[in-house]
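The structure appears right after this line, and notes come after that.
The values are calculated or read from the model by the stated rules, or taken from the named source; none is laboratory data. In this text the structure is predicted, and so the values were computed from the model without any measurement. Please note: Cβ atoms are built from the backbone with ideal geometry, for glycine as well, and neighbour counts cover all protein chains shown. Calculation scope for accessible area: heavy atoms of the full protein, side chains included, ligands and nucleic acids excluded. Shrake-Rupley method; radii C 1.70, N 1.55, O 1.52, S 1.80 Å.
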Amino acid sequence: MIKTALSHPNKALVIYWGNEDDTLRIPTRSSLSMTLQGINHPLDYIVSLKTMRSSERDKVIIDGIEDKGEIYSHFVHHLDAMRRYTGLREKVEVTTRTSFPVGSGLAGSAASASALAEAFAGLIGKTTDTRLKSIMARRGSGSASRSVFGGFVMWQKGNSDDTSYAKQLFDENHWDLRNVIAMVSSNPKKIRSIDGMQLSKKTCPEQVYSGFVSVADPHIEQISAALSARDIAKLGASYEEENYLFRQVCLKTMPPLDYWMKGTHDILNKVVNLRDEGIPAYAGTDAGPNVHIFTVPKQVKRVIRTIQEVEGVLEIIHCRVGEGSHLIEEHLA
Ligand code: PMV
């Protein structure tokens with residue numbers, strides 16, 4: 001049997017950064033994101049899973065080349081977790097194709113792990129079980145639990161494997177919000193998110209980290225209300241506050257996690273200037289130097305024109321609210 005899934009990355013408005021349980025990926029705080037669909041550049045991650053009845057081991061093919069290293073181990077680890085959770089025994093051949101660099105701060109891990117979970121759910125006939133898909137995606141990458149859904153999505157932290165999963169708050173047609181990504185680097189991150197968040201939890205001063213944890217729920221409430229009212233000023237204020245606190249946690253980690261580059265600072269300043277001119281644009285980052293700017297459709301051109309001038313901007317990706325992971329008929333294998 002073969003099943004193929006397509007999924008997209010997402011951008012957190014309320015950030016996931018740290019686990020109570022690293023193996024199960026039970027997070028320290030709930031989070032909220034928007035699923036991203038590229039307009040001028042596709043942000044698609046496609047995975048085909050083919051069962052191999054007689055094989056003793058899984059096989060992983062990335063963009064036409066068999067991988068036996070780090071990516072293979074990561075996929076097998078994720079597949080093993082899903083097999084244990086669901087009882088499927090067969091080994092599989094994984095074939096992937098992506099339209100953007102994974103590990104570049106574009107949340108490729110969210111897209112890849114949710115695509116893998118979606119295709120796996122297809123194999124076991126559980127495509128409509130969104131809770132199961134979100135739990136399975138989470139085991140590959142925490143933020144992937146959210147990419148199972150389109151639109152605006154909340155991952156409730158829960159306290160066990162069965163209770164930590166995401167839910168859709170509003171679908172992709174609720175509000176035509178845009179996310180303009182200013183890429184200042186497409187290199188893999190200096191420190192992987194999973195390592196960075198472990199370090200923060202271990203070394204960040206207790207009051208800074210617990211302060212960050214305790215504002216997640218109020219921020220989720222504020223952003224949900226802003227989404228419901230389609231109020232970009234309210235959404236933007238909470239998004240920027242979240243990002244400020246996330247940055248504090250990163251900088252107070254030992255050694256400090258400074259993911260930003262000069263271009264990052266320059267773009268953030270430009271966005272403040274835009275706001276002074278009355279343009280609703282709100283900026284933040286992820287665990288990386290690239291900047292995600294939330295704005296409304298009629299201001300996208302203006303935002304792009306402004307950030308294009310910044311030295312060090314390599315590419316600008318314009319996104320709308322994306323759909324969740326789903327099966328497709330065009331198989332890769
Ligand atoms: O999902 P992971 O394990 O790759 O962690 C990524 C977490 C961030 O992207 C940095 C934040 C988030 O909530 O998406």
Taking the Cα-to-Cβ direction at A229 and at I279 and moving 7 Å from each Cα, how far apart do the two end points lie in nm? 2.5
Local net charge near F246, Cβ-Cβ under 12 Å (Lys/Arg +1, Asp/Glu -1): -1
Among P42, P255, P289: highest mean-square fluctuation, GNM of the chain, C-alpha pairs under 10 Å: P255
Apply the Karplus curve 6.51 cos²θ - 1.76 cosθ + 1.60, θ = phi - 60°, to the phi angles in the stretch 44-52 and return the couplings in whole Hz, x for Gly and Pro. 10, 10, 10, 10, 9, 10, 10, 6, 10
Run down the lysines and flag those whose C-alpha is under 25 Å from the C-alpha of K298, throwing out any fewer than 8 positions away in its chain. K11, K234, K270
Can you tell me the mean projection area, over all orientations, of the convex hull of the stretch 72-221's alpha carbons? Units nm², please. 10.9
Taking amide H positions as placed 1.01 Å from N in the peptide plane, with prolines and chain starts having none, which residues 5 or more places from N19, or on another chain, fall under 5 Å of its amide H? T28
Expressed in Å to one decimal, the Kirkwood Rh of the stretch 5-60 from all distinct alpha-carbon pairs is 14.6
Stretched fully, the stretch from K126 through M254 gains (0.36 nm per residue minus C-alpha distance, one decimal, in nm) 41.8 nm
With θ set to phi - 60°, apply the Karplus curve 6.51 cos²θ - 1.76 cosθ + 1.60 along the stretch 65-79 and write out the HN-Hα couplings as whole Hz, x wherever there is a Gly or Pro. 10, 5, 10, 10, x, 5, 5, 4, 4, 4, 5, 5, 4, 5, 4
Karplus couplings for the stretch 32-43 from phi (6.51 cos²θ - 1.76 cosθ + 1.60, θ = phi - 60°), rounded to Hz, Gly and Pro as x? 9, 8, 10, 6, 10, 10, x, 9, 9, 7, x, 10
Distance (nanometres) between label positions extended 7 Å along Cα→Cβ at K301 and D171: 3.1
Would you list the P(r) distribution for the chain, with all Cα-Cα distances sorted into 20 Å bins from 0 and each bin expressed as a whole %? 34, 58, 8, 0
Calculated FRET efficiency for the pair D162/E323, C-beta based, R₀ 41 Å, to 0.05: 0.95
Where labels lie 7 Å past Cα in the beta-carbon direction, separation of M261 and L314 in nm: 0.6
What's log10 of I(q)/I(0) for the stretch 137-237 at q = 0.18 Å⁻¹, Debye sum over Cα points only, no solvent? -1.23
Cβ-Cβ FRET estimate between I65 and S99, R0 fixed at 22 Å, reported to 0.05: 0.85
Could you state the number of Å between the C-alpha centres of the stretch 105-135 and the stretch 186-262? 25
Three-way shape label, the stretch 186-307, alpha-carbon gyration tensor, a/c 1.5: oblate
Per-residue ellipticity at 222 nm for the chain, helices alone: DSSP H runs ≥ 4 residues times -39500 (n - 2.57), over residue total, nearest 500 deg cm²/dmol? -12000 deg cm²/dmol
Reciprocal mean inverse distance between Cα atoms of the stretch 274-331 - Kirkwood radius, Å: 13.6
Figure the gain on full extension for I2 and E221 (residue separation times 0.36 nm, minus the Cα-Cα span) and round it to one decimal in nm. 74.8 nm
The chain: longest stretch without exposed GluC sites (Glu not before Pro) (DSSP loop, at most 12 other Cβ within 10 Å), sites themselves excluded? 57-276
Tell me the relative contact order for the stretch 56-177 as a rounded percent, counting alpha carbon contacts under 8 Å between residues six or more apart. 19
Starting from the Cα of K91, draw a straight line to each of the lysines and keep only those under 21 Å, dropping any in the same chain fewer than 8 residues away. K3, K50, K59, K68, K126, K133
At most 14 other Cβ within 10 Å, DSSP loop - trypsin sites (Lys or Arg not before Pro), the stretch 1-68: R53, R57, K68
Radius of gyration and Dmax over the Cα atoms of the stretch 59-143, both given in Å: 12.4, 34
Could you tell me what percent of the accessible area of the stretch 169-261 is made up of carbon and sulfur, with a 1.4 Å probe and every protein chain present? 54
Kirkwood-based shape ratio for the stretch 1-139, expressed as Rg/Rh from alpha carbons: 0.95
